[in-house]
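Visitor: Take a look at this one; I'll ask things after.
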Amino acid sequence: MRHRHFNPSIIEEFFGALAIAGTMVTSPLSRTWYSSWGATEQEETMTLPGDDIVLEPELTSTRAITIQAPRSSVWPWLVQMGQGRGGLYSYERLENLVGCDMQNADRIIPEYQQLEIGDKVRLVPEGKDLYFDVAHIEPGHAIILSGDTPPTTWAFILKSYEHDSTRLLVRWRQDYEPTFGNIVGWRYVTDPITFIMERKLLQGIKVRAESVPESPHS
């Protein structure tokens, strides 16, 4: 089978960079909107797997997207996420400008379909200290990633939706000492960047799952 290439064009990456800059500037006013991008009010407030790891977060977001494919077609793309695996399906060129060495897969890769508690999901090449640990996994339903510095969870939840489609929810919970530097750094710099990259991740998973209805063993 010939595989499609799903990565954004250079022009799309350029506009992604502009979106990051714009979101950083407008963050004090726009954060209420982008912290719940795509999610319903019910999804934003419901308890999800992994919420019990960071109990009193300083920073939270819940974003979502509807994928016109069953959970079984979406799950393999989640399992293989990470640097050195299937990538993060976002703005690859922007990620690589800061040394991520990310390569986004355009197919389901059988050798990356195993994920267990304690495994590392890296954001940068091995040897650099930027990764999440798999804290919890429910096959076909949830992957909860966690980090310690600062305490953070990044949860990916699949819920069956109408007409054999799927809702993909992504929840971020992060705690940190609420000093001036941390608030500026995490809330007004890192958080806007995370939104733009995570939105593209959601869109990247959607287009892949809807366009490549193949199994890991095909």
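The values are calculated or read from the model by the stated rules, or taken from the named source; none is laboratory data. What you see is a predicted model, and the numbers here were worked out from it, not measured in a lab. Don't worry about glycine lacking a Cβ; one is built from the backbone with ideal geometry, like all the others, and counts go over all protein chains shown.
Visitor: When you go through A209, A142, A155 one by one, which is the residue that is touching a helix residue (DSSP H, G or I) at 6+ places or on another chain (Cβ under 7 Å), at pLDDT 95 or above and farther than 24 Å from A17 by Cβ?
Guide: A209
Visitor: Could you tell me which residue of the range 97-113 is surrounded by the most Cβ atoms within 10 Å (Cβ to Cβ), considering only residues that are closer than 13 Å to G84 by Cβ and polar (S, T, N, Q)?
Guide: N104
Visitor: Would you pick out the residues in the range 116-133 that are closer than 20 Å to D51 by Cβ and outside any loop (DSSP other than H, G, I, E, B)?
Guide: The answer is V121, F132, D133.
Visitor: Which condition breaks for L168 when tested against (1) more than 20 Å from D52 (Cβ to Cβ); (2) out of contact with any helix residue (DSSP H, G or I) (no Cβ under 8 Å at 6 or more places or on another chain)?
Guide: The failed condition is (2).
Visitor: Still on this structure: Could you check the range 153-167 and list, in sequence order, the residues that are on the phi < 0 side of the Ramachandran plot and either among the aromatic types (F, W, Y) or surrounded by fewer than 21 Cβ atoms within 10 Å (Cβ to Cβ) (or both)?
Guide: W154, F156, K159, S160, Y161, E162, S165, R167 - these are the residues of the range 153-167 that are on the phi < 0 side of the Ramachandran plot and either among the aromatic types (F, W, Y) or surrounded by fewer than 21 Cβ atoms within 10 Å (Cβ to Cβ) (or both).
Visitor: I need the full set of residues from the range 22-54 which are loosely packed, with under 13 Cβ neighbours inside 10 Å and more than 29 Å from A142 (Cβ to Cβ), in order please.
Guide: V25, P28, L29
Visitor: Separate question: Here is a list: G22, G86, G38. Which entry is more than 30 Å from I183 (Cα to Cα) and either of a type in the set (G, A, S) or touching a helix residue (DSSP H, G or I) at 6+ places or on another chain (Cβ under 8 Å) (or both)?
Guide: G86
Visitor: Being on the phi < 0 side of the Ramachandran plot, among the charged types (D, E, K, R), assigned to a loop (DSSP other than H, G, I, E, B) and touching a Lys or Arg at 6+ places or on another chain (Cβ under 9 Å): is that true of D106 here?
Guide: Yes; evaluated as a whole, the condition is true for this residue.
Visitor: Sticking with this one: Yes or no: E111 of a type in the set (D, E), at pLDDT 95 or above and part of a loop (DSSP other than H, G, I, E, B)?
Guide: no
Visitor: In a helix (DSSP H, G or I) and charged (D, E, K, R): does that describe E56?
Guide: no
Visitor: Now, a different point. Which of the residues that make up the range 66-82 are under 13 Å from E162 (Cα atoms) and not charged (D, E, K, R)?
Guide: Answer for the range 66-82, where residues must be under 13 Å from E162 (Cα atoms) and not charged (D, E, K, R): T66, I67, Q68, A69, P70.
Visitor: Moving on. Looking only at the range 157-175, count how many residues are more than 10 Å from A64 (Cβ to Cβ) and touching a Pro at 6+ places or on another chain (Cβ under 9 Å).
Guide: So the count comes out to 8.
Visitor: Quick check on the range 114-152: of everything there that is in contact with an Asp or Glu (Cβ under 8 Å, 6 or more places away or on another chain) and among the hydroxyl-bearing types (S, T, Y), which residue is surrounded by the fewest Cβ atoms within 10 Å (Cβ to Cβ)?
Guide: Taking the candidates together, the pick is S146.
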